Every structure is written in C-alpha cells, then in structure tokens.
Amino acid sequence: MWHLLTLLMALSATSANAMEGLELLNVEETIDSARLVRFTGTVQNTRNQSILLPKIVVSLKKEGKVMGIFIGTISGPTDGYYQLHPGEIGIFDVHTGVTRDQYDEFSVRSDGGLNGLDNGSNDFDRSLLTGDLTLVEDSFNLTADWGENALFFGELLNGTNAILQAINVRISLFDAKDAFIGAATIPRLYLPNELSPGEVLSFQATSDVPLSNVVRWEISIEYAPARLGHGDATAVGDATWGEVKHSQRLR
C-alpha cells in the first residue's frame, strides 16, 4: 500500500469536565492506493474500570453539513473488541469509502460502555435540569441513500447541565398531501452510551421512504438525564473537530 497523504494529530479525547475516559492518543488520516480515506490510531483506557465494546465514530462534513458517519471497533491486547481493561491501549482502523474531496472537516469520537456503572437515571431529579438537547440546524442535511430513500445527517448539542442517556431522534415524514408516510430513525450503533454537557453528537437517520415523496418533516428528540455533569463520571470520549488541511491540531 502507498499513501498520498498522512496527517498525524495529537487529539484530546477526555470527557468534557476532564474526568478519566477513553483517551484518543493519536489519529492518522491516510489515502490509500484506491484514493479512499481511512482513519487509524490508538486509544487508552485511563479509567479504573473496563470499557465494554469500545468504538470509534468518524464524522465527515462538507461546507458545514454532515455528509457521512463511519463506525469502527477498537481492539485491545487482552480481550480484542469485547473490552479494554484499565491502562490498556487499543487500536482502530476505520475505512470510509470516500475520497478526500468529498469532505472538508472531520471529527473522531471514542465511545464505549462502562462496566458496573450505576447511572442513577431513574432517580434523577428533573427539577435540577437546565437547558435542552437541540438540533444544530446548520449541520442538518437531507439526501438519498443507495436505494434513493430519504437519509438525514445532522448534529445534536447537549446544552443541558446533565449527562444524557437513551438518546433517540425520530423524523416524521409527510408527502405533498401532508399525509404521514413514514419515519427516519437513528440506528442504535450510531448512538452514544452517554453524552456529556457541551458535547456534540453527529447522527444519521435512515428511512425506507423514497426521497422524492418527502415534502416536509417533523423532528422529535428524546433523552433521559442520568446525573448532573459535574463531579461525576462522564461520557467516554469527547468529540474533537479537525481540519483536513492542518497537519496537527492540539487541544
């Protein structure tokens, strides 16, 4: 394999309030012989508990709008893709299948489940909740999938003071007669285990409704606050945006 481009970035992937997490040590963006982009790198579990099913989420943007999201697994030295033990360093390799000219921004986010964490979501006092989980409208993008069905991309901003779980987005679709014709939803694989205050989540919502039939849509966003975002465990990983034209980006 030969590389036309290699970009090394030192990215911080600690959680929003600097708690221990799944630290993104480095990311390498390369273009292979087929001129397709892939992202490789290493992460380390800096917590004192194992992280289950760790994954990497690469989100691509073009002119401010999300145009693609790609998921990759993280492989650890002991249990492979199942879990990353405290202190262990895992590797990832995410193939995007796109060319460099198809995007001008990207983010790399680490995520995973925390073994044995009592999130307390059933006991959360909702009177303490401020703010909301909102759609970043400038990033919203409606396009068609390979089957010409409606496909939505976008971002959600956690503007609350709480760590959120059970995030769900449903986009109801309507035709020219304003009749409901179906819905677009986010596959579970693309949803985080937790989302910390201030974090941005890229998403894609799929449907089986032809794009040509969609005239308007309505978006509903649901979530469950687990606990306040300060002084407690937070989401594993923090979204970090990089620019393709910069060889290094520090946070």
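Quick look at the numbers
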read-out	value
Test: ILE91 is under 23 Å from GLU199 (Cβ atoms) and aliphatic (A, V, I, L, M)	no
ASP138 assigned to a helix (DSSP H, G or I), modelled with pLDDT under 85 and not hydrophobic (A, V, I, L, M, F, W, C)	yes
Residue check for GLY72: at pLDDT 90 or above, closer than 30 Å to GLY229 by Cα, surrounded by fewer than 16 Cβ atoms within 10 Å (Cβ to Cβ) and of a type outside the set (Val, Ile, Thr)	no
Near pairs, Cβ below 6 angstrom, 6+ apart or cross-chain, from the stretch 63-90 (within 24 Å of ARG188 (Cβ to Cβ) and in a loop (DSSP other than H, G, I, E, B)) to any residue that is small (Gly, Ala, Ser) and at pLDDT 90 or above	TYR81/SER75
Residue under evaluation ALA13, criteria (1) outside any strand (DSSP E or B); (2) of a type in the set (A, V, I, L, M, F, W, C); (3) closer than 17 Å to LEU201 by Cα; (4) modelled with pLDDT of 85 or more, criterion not met	(4)
Test: residue in the stretch 48-59 that is surrounded by 16 or more Cβ atoms within 10 Å (Cβ to Cβ), at negative phi, part of a strand (DSSP E or B) and of a type in the set (Gly, Ala, Ser)	yes
Single residue of THR6, THR42, THR30 found to be out of contact with any Pro (no Cβ under 6 Å at 6 or more places or on another chain), loosely packed, with under 15 Cβ neighbours inside 10 Å and either at pLDDT 90 or above or closer than 17 Å to ASP93 by Cβ (or both)	THR6
Residue list for the stretch 40-94, filter: touching a helix residue (DSSP H, G or I) at 6+ places or on another chain (Cβ under 8 Å) and among the aliphatic types (A, V, I, L, M)	VAL57, LEU60, VAL66, MET67, ILE69, ILE71
Those residues of the stretch 140-163 which are touching a Ser or Thr at 6+ places or on another chain (Cβ under 8 Å) and closer than 30 Å to LEU128 by Cβ, in sequence order	GLY154, GLU155, LEU156, LEU157, ASN158, GLY159, THR160, ASN161, ILE163
Set ALA166, ALA179, ALA184: member being within 20 Å of THR134 (Cβ to Cβ) and at pLDDT 90 or above	ALA184
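To keep it simple, each residue is scored yes or no on (1) out of contact with any helix residue (DSSP H, G or I) (no Cβ under 8 Å at 6 or more places or on another chain); (2) over 25 Å from ASN213 (Cα atoms).
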residue	(1), (2)
LEU128	yes, yes
PHE140	yes, no
ASP145	yes, no
LEU151	no, no
GLU155	no, no
LEU164	yes, yes
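The values are calculated or read from the model by the stated rules, or taken from the named source; none is laboratory data. Small disclaimer: the values here were computed from a predicted structure and weren't measured. Using ideal geometry, Cβ is built from the backbone for each residue, glycine included, and neighbour counts are taken over all protein chains shown.
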